[in-house]
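Structure first, then comments.
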Protein chains: 2
Amino acid sequence: MGSEGHADGTVGKALDVLEMVADQGGPVRFSDLLALSHYPKATLYRLLQTLVNQGMLSQDLDSGAYRIGVRLVRLAHNAWAQSSLAPLARPHLDALAAEVGEAIHLAQIDNGHILFVDKRKTTNMFETLAQAGRVAPAYCTGVGKAILAFLPEASRDKVMPQQSFHPYAPATHTGPASLLAELEIIRAEGVAFDREEHERGIISIAAPIRSRAGRVIGAVSIATSTSRHTLEELNALKPRLLHCAAAIGAEAESWQFPEIV
Amino acid sequence: MGSEGHADGTVGKALDVLEMVADQGGPVRFSDLLALSHYPKATLYRLLQTLVNQGMLSQDLDSGAYRIGVRLVRLAHNAWAQSSLAPLARPHLDALAAEVGEAIHLAQIDNGHILFVDKRKTTNMFETLAQAGRVAPAYCTGVGKAILAFLPEASRDKVMPQQSFHPYAPATHTGPASLLAELEIIRAEGVAFDREEHERGIISIAAPIRSRAGRVIGAVSIATSTSRHTLEELNALKPRLLHCAAAIGAEAESWQFPEIV
DNA sequence: GATGTGGTTCCATTAAGTGAAACTAAGTCT
DNA sequence: AGACTTAGTTTCACTTAATGGAACCACATC
């Protein structure tokens, strides 16, 4: 991950570096970045300088370490508020979480991968935040399959080849055929199950969030562990989950999300 | 606001454009941006192309309009989570909001201006100007004065000349002298009041959030309208507010925020 | 006072960004 | 239908800015 090859121009490199700092989750020293990136010393240096000048990064006065700058924080809020389902869905997730007492996930799709944009976990608030913003595969998560199932055919065709089908667990789909078959079932049932396909012991039930126009714009899921609940018990929550997804979808009516895929 | 002159190099321009799109709060067409920016057509075009290539912006397939891209959303989450007081303060704000039943604001300072990073609104009845992610002046807001008061002298000296002293309301400070005098009082009392200085009918009580080292890293406030409460009533909440600020400050101990000012 | 490490600056070379203008694709009007 | 505007895209000679190897500086550490 990190620096993909397609760094066109100076801007690409700068953004690459910016992301690199952001990914570190804290102050990073110059030499650490130098080691991480394949940029020559002077180039990296200038890039960082520029970003600091721009307020996107900020440099610690004494240690000289780099971190997120205020301008990025401001931009971040802006971007997040307008371009993610999260703020809109928040109250609905709160309600659902309070009612079912299990972990709730809200996800969108991003180039064939699942982007978790919000989470509720009734037990620990902190971990929640740590994980939102993370990316997971689509083919082996509840939310992923829920989205895939309801994607327009054309989009799905573009997304399928991007799936790695890495066998995370015994139950993981190992190829497109079985996955496509399951998607059919999901379309019929209206919800997707994660049957310990991504992580052993973790199961979930997921529903797509659809705008009134019918476009899938995300998915919600209720996740739990096999030690706490069975799939049947999760299935009992289906009406509640669908209701939540519908509520979010209805509100998202006017809202515009970046084109999928 | 928006595009300050200091756009060094291509990267600066690109970020400028990026921010411009983000500020629009929705899809923007090329020509709108062309009108907004002072960049020549071709330059703007290439800049946008680059940003789209980089995944920071996304272009609508049919309309061709530009909006926030998924990569920016991902970056945004990252940045927000690690670089703002918000995630850390969240539970404390929730608690305070539940207890006092009034609007709660969390703010940081950013180049002499106040950046609202989170808010709790218990009633939709009145809408304060402070939307999360928004910027407000320091000299005429509760949170702003609370921060100013406890800033180290050197920082304050840098920040004071940045205040515009625009008279939003009759009670607004009109110059540094009276403001500095009030800051003295605030230091003594430990809290700052907004006495309808920014918006008529809106009052608040604010407390600085300080790390154990004593550095001000933000402020919390309880805001209400004159129709609902008096300043004296707000003052009764002082212990509760101070407690909340202290709790956040204690937790922020290890946490590092970009250098102020 | 020598050696090492982390960070900053120089400068000739090269690549990349620039933007006026020309062009294409859709409308819109008569 | 043909002329005319409007919105977006491409071209290309020109200019500016990015590049990176190497030298340099600051400050520890031996």
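The values are calculated or read from the model by the stated rules, or taken from the named source; none is laboratory data. Predicted model only: the values in this text are computed from it and were never measured. For neighbour counting, all protein chains shown are included, and Cβ atoms are generated from backbone atoms with ideal geometry for every residue, glycine included. Note: accessible area is taken over every heavy atom of the protein model, side chains too, but ligands, DNA and RNA are not part of it. Shrake-Rupley method; radii C 1.70, N 1.55, O 1.52, S 1.80 Å.
Quick rundown of the values:
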read-out: Of all residues making up the range A:53-81, the number that are touching a residue at least 40 places away in the same chain (Cβ under 8 Å) and more than 7 Å from chain B (Cβ to nearest Cβ); value: 1
read-out: Tabulated pairs, the range A:95-124, first modelled with pLDDT of 80 or more, second of a type in the set (Phe, Trp, Tyr) and assigned to a loop (DSSP other than H, G, I, E, B), C-beta under 8 angstrom, 6+ apart or interchain; value: A:GLN108/A:PHE257
read-out: Tally of residues being among the small types (Gly, Ala, Ser), within 12 Å of DNA strand C (Cβ to nearest atom) and assigned to a loop (DSSP other than H, G, I, E, B) across the range B:13-46; value: 1
read-out: Failed condition for A:GLN49, given (1) modelled with pLDDT of 85 or more; (2) farther than 22 Å from B:GLY12 by Cα; (3) within 16 Å of DNA strand C (Cβ to nearest atom); value: (2)
read-out: Elements of type strands (runs of 3 or more DSSP E) in the range B:50-110, at least 2 residues being closer than 30 Å to B:ARG156 by Cβ; value: B:103-110
read-out: Within the range B:32-54, considering residues that are of a type in the set (S, T, N, Q) and open to solvent by less than 80 Å² (accessible area, probe 1.4 Å), the one farthest from DNA strand D (Cβ to nearest atom); value: B:GLN54
read-out: Residues of the range B:129-169 that turn out to be closer than 23 Å to A:ASN78 by Cα and modelled with pLDDT under 85, as a count; value: 7
read-out: Filter result for the condition that a residue is among the aliphatic types (A, V, I, L, M) and assigned to a helix (DSSP H, G or I), over B:ALA171, B:ALA213, B:ALA245, B:ALA206; value: B:ALA245
read-out: Extreme residue, nearest to A:MET20 (Cα to Cα), among residues of the range A:82-91 that are more than 7 Å from every other protein chain (Cβ to nearest Cβ) and surrounded by 22 or more Cβ atoms within 10 Å (Cβ to Cβ); value: A:LEU85
read-out: The one condition in (1) open to solvent by less than 70 Å² (accessible area, probe 1.4 Å); (2) modelled with pLDDT of 95 or more; (3) among the small types (Gly, Ala, Ser) that B:GLY218 fails to fulfil; value: (2)
read-out: Identity of the residue in the range A:138-165, touching a strand residue (DSSP E or B) at 6+ places or on another chain (Cβ under 7 Å) and open to solvent by 20 Å² or more (accessible area, probe 1.4 Å), that ends up nearest to A:GLY112 (Cα to Cα); value: A:SER164
read-out: Any hit, the range A:42-53, residues being among the small types (Gly, Ala, Ser) and within 25 Å of B:LEU57 (Cα to Cα); value: no
